[in-house]
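Written out below as C-alpha cells is the structure these notes cover.
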Amino acid sequence: MEIPTLTIDAVKEGLRARRFSATELASEALKFARAENPKTNAYLTFCDERALSAAAAVDAKLARGEDPGPLGGVPVAVKDVILTRGVRTTCGSKLLADYVPPYDATAVIRLEQAGGIILGKTNCDEFAMGSSNENSAFGPVRNPVAPHRVPGGSSGGSAAAVAQGTAVVSLGSDTGGSIRQPASFCGVAGVTPTYGRVSRYGLTAFASSLDHIGPFARTVKDSATLLRVIAGRDEMDSTSAAAPVPDYEALLDRNVRGVKIGLPREYFKGLASETGDLIASGIETLKRLGCEIRDISLPSTDYAIACYYIICTAEASSNLARYDGVRYTFRSPNSPSLGAMYRNTRGEGFGTECKRRIMLGTYVLSAGYYDAYYLKAQKVRGLIARDFTNAFAEVDAIVAPVSPFPAFKLGEKVDDPLEMYLSDIYTITGDLAGIPCMSVPCGKTAGGLPVGMQILANHFDEARMFRLADAFEKETN
Ligand code: GLN
C-alpha cells in the first residue's frame with residue numbers, strides 16, 4: 001500500500017481487489033501521518049477512534065456487497081476551523097485550545113456519508129487569518145517540499161498533508177486565497193468553489209461574505225470528486241445555493257479545443273521571474289491543447305487588496321466578538337470584574353494578527369469612518385465583480401498566476417504585515433467576486449519550488465474549470 005501516492009481510484013481499486021481493507025488502510029494511514037508529522041506539524045489532532053469506526057463501517061458495507069460511496073475508505077484531513085463533533089477544533093487559536101464542538105459541519109457529515117475517513121484536524125493560521133501558517137498558536141507548518149519554507153496559508157496544514165501524502169484529499173477554507181495559495185506553494189490542486197456552492201454550516205466564521213470550504217487533492221479529478229460530495233444546498237446554511245451539482249468527474253476528459261481563455265493583463269505585473277516563466281509555459285500548453293488565448297483587462301484589480309482588507313477585517317471584528325471567555329473559550333483567571341475578564345481573555349487569547357484585524361475592522365466600521373472605508377470598499381467590491389462579469393461575456397475562463405512568488409522562507413514576512421497581505425493580490429479578487437477558482441500545479445522553479453496556475457470561471461461553472469485543469473494536468477503530467 002503506497003499511501004503517499006494513493007488516489008481515490010487507487011483506494012477503490014485496492015479495496016475491490018482486497019489488497020487491503022478500509023480498516024487496514026486507516027490504521028496504516030494514521031501510523032504514517034503520525035510518523036511524518038514532526039517534519040511538517042501539519043496535524044494538530046488525530047482522531048483514531050472516529051477514523052477506525054468509519055473504516056469499519058466501510059468494510060461492513062463492502063462485506064455486504066454494498067457501495068461504500070464515492071469516498072469509500074479514503075483517508076481525509078480536515079482544516080481545524082471546520083467543526084467535528086467530539087473532536088477538538090482549535091481554529092489555530094489558544095482561545096479554542098480545548099474546544100470540543102457538539103456538532104459536525106455539514107461538509108464533514110457529507111464526506112463521512114460518502115465513506116471518507118477523517119484521520120485528523122490540520123493546522124492553520126489563527127481563525128484562518130494569514131498567508132503563511134505562521135499565525136497558528138500551535139507553531140507554523142513547514143512546507144513538505146522545502147522544510148525551511150512556509151506551506152502558504154491559511155490552510156497550510158491541509159495542503160501539506162496532501163502534498164506529504166498523509167491524506168489522499170483534505171478540506172480547507174478560503175476567504176482570500178487560503179486554499180489556492182497553499183496549494184500552489186505545496187504543489188497540489190486546490191479549489192475555491194462558487195460562493196454558496198458548499199454549505200458553511202460548522203465552518204468557524206472569519207469573514208462571512210467571503211468564506212468558502214473547498215478541497216485539496218493530488219489530482220484534479222480527486223478534487224472534483226470531493227467537491228461533488230460536499231456541494232449542494234443545505235437547509236442549515238441560508239447562503240448555500242440550490243443550484244444543481246453536476247457530476248464533475250463525468251464531464252472531465254473532454255477536449256478543450258476552442259475554449260476561450262482570458263489573460264488579465266493586470267495579473268502579470270511584478271511576478272517573480274521564474275513564476276512568470278512557468279505560467280507563460282502553462283499558457284503555451286493551453287494553446288497547444290487548442291484553447292484560444294486573449295488578453296483581457298480587469299481594471300479594478302489595483303484596489304483589491306485595500307478592498308479585501310477592509311471588508312474582511314470589518315466582518316472579522318464582528319465575528320470574533322463571540323470569543324469573550326463566557327461561552328466557548330478559555331477564560332483568563334483572576335479578573336476582578338466582568339470587563340476585566342473580557343479584556344484579559346481576549347488580550348491573552350488572541351494572537352497578534354487577530355488583534356490587528358479586530359482593531360482595523362472596528363475602526364473601519366466606526367461612526368464617521370464607515371462611509372469613508374467600509375461603504376467605499378463595498379462599492380469597489382461591486383466594481384471588481386463587474387470586471388469579471390464583463391470578462392466572462394467575452395471569454396469562458398480566465399488564467400492567471402496564484403501568487404506573485406513561490407513559497408517564501410519561514411520568518412521572511414512575519415514582521416511586515418503589508419508585505420504578507422500583498423502575497424494575496426491574485427487570489428482575493430475571486431473571493432470578492434464569489435466565482436469559482438482553483439490552483440493547478442504548473443511546474444517547479446530551478447530550486448524545486450512548486451508554482452500553481454490559477455483558473456477562474458463564471459459563477460457555478462466549476463465543471464468547465466475542472467475540465468480545463470484536468471486537460472492541463474494530463475498534458476503536463
Ligand atoms: N491571506 C488572506 C488573509 O489573511 C486569506 C486568508 C483566507 O483565505 N482565509 O486574510
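What the table below lists for this structure:
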| item | result |
| --- | --- |
| Test: residue in segment 415-423 that is within 15 Å of the ligand (Cβ to nearest atom), of a type outside the set (A, V, I, L, M), open to solvent by 20 Å² or more (accessible area, probe 1.4 Å) and without any contact (Cβ under 8 Å) to a residue 40 or more places away in the chain | yes |
| Pairs, first part of a loop (DSSP other than H, G, I, E, B) in segment 114-129, second of a type in the set (Asp, Glu), C-beta under 9 Å, six or more apart | 115/67; 123/80; 124/80; 125/134; 125/353; 129/353 |
| Segment 408-448: number of residues that are within 18 Å of the chain's Cα centre (by Cα) and among the small types (Gly, Ala, Ser) | 5 |
| Qualifying residues in segment 143-189 (those that are part of a helix (DSSP H, G or I) and farther than 14 Å from residue 37 by Cα) - the one nearest to the ligand (Cβ to nearest atom) | 181 |
| Residue in segment 96-113 that is farthest from residue 77 (Cα to Cα), counting only those that are among the small types (Gly, Ala, Ser) and part of a loop (DSSP other than H, G, I, E, B) | 97 |
| Qualifying positions in segment 127-142 - within 13 Å of the ligand (Cβ to nearest atom) and either out of contact with any Phe, Trp or Tyr (no Cβ under 9 Å at 6 or more places or on another chain) or among the basic types (Lys, Arg) (or both) | 130, 133, 134, 136 |
| Residue ID - nearest to residue 69 (Cα to Cα), chosen from residues in segment 190-218 that are buried (at least 21 other Cβ atoms within 10 Å of the Cβ) and away from the ligand (no atom under 15 Å from the Cβ) | 217 |
| Residues satisfying the stated conditions in segment 450-476, i.e. farther than 23 Å from residue 197 by Cα and open to solvent by 20 Å² or more (accessible area, probe 1.4 Å) | 473, 474, 475, 476 |
| Odd one out for residue 131, checked against (1) out of contact with any strand residue (DSSP E or B) (no Cβ under 6 Å at 6 or more places or on another chain); (2) among the polar types (S, T, N, Q); (3) crowded, with 24+ Cβ neighbours inside 10 Å; (4) within 20 Å of residue 202 (Cα to Cα) | (4) |
| Filter result (assigned to a strand (DSSP E or B) and farther than 18 Å from residue 424 by Cβ) within segment 439-449 | 440, 441, 442, 443, 444 |
| Residue selected from segment 59-95 under the condition open to solvent by 10 Å² or more (accessible area, probe 1.4 Å), aliphatic (A, V, I, L, M) and not in a loop (DSSP other than H, G, I, E, B), by the criterion nearest to residue 327 (Cα to Cα) | 87 |
| Test result for residue 473, more than 16 Å from the ligand (Cβ to nearest atom), under 18 Å from the mean Cα position of the chain (by Cα) and at pLDDT 95 or above | no |
| Among (1) under 12 Å from the mean Cα position of the chain (by Cα); (2) away from the ligand (no atom under 12 Å from the Cβ); (3) farther than 26 Å from residue 54 by Cβ - the single one residue 94 does not satisfy | (1) |
| Residue satisfying condition, being away from the ligand (no atom under 16 Å from the Cβ), of a type in the set (Val, Ile, Thr), outside any helix (DSSP H, G or I) and open to solvent by less than 80 Å² (accessible area, probe 1.4 Å), within set 329, 362, 345 | 329 |
| Conditions (1) of a type outside the set (Ser, Thr, Tyr); (2) open to solvent by 70 Å² or more (accessible area, probe 1.4 Å); (3) in a strand (DSSP E or B); number of the one not met by residue 44 | (2) |
| Total residues in segment 387-411, condition touching a residue at least 60 places away in the same chain (Cβ under 8 Å) and either part of a loop (DSSP other than H, G, I, E, B) or within 12 Å of the ligand (Cβ to nearest atom) (or both) | 12 |
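The values are calculated or read from the model by the stated rules, or taken from the named source; none is laboratory data. Since we're looking at a predicted model, the values are computed, not measured. Counting neighbours? That spans all protein chains shown, and the Cβs are built from the backbone with ideal geometry, glycine included. Accessible surface is based on the protein model in full, side chains and every heavy atom, while ligands, DNA and RNA are left aside. Shrake-Rupley method; radii C 1.70, N 1.55, O 1.52, S 1.80 Å.
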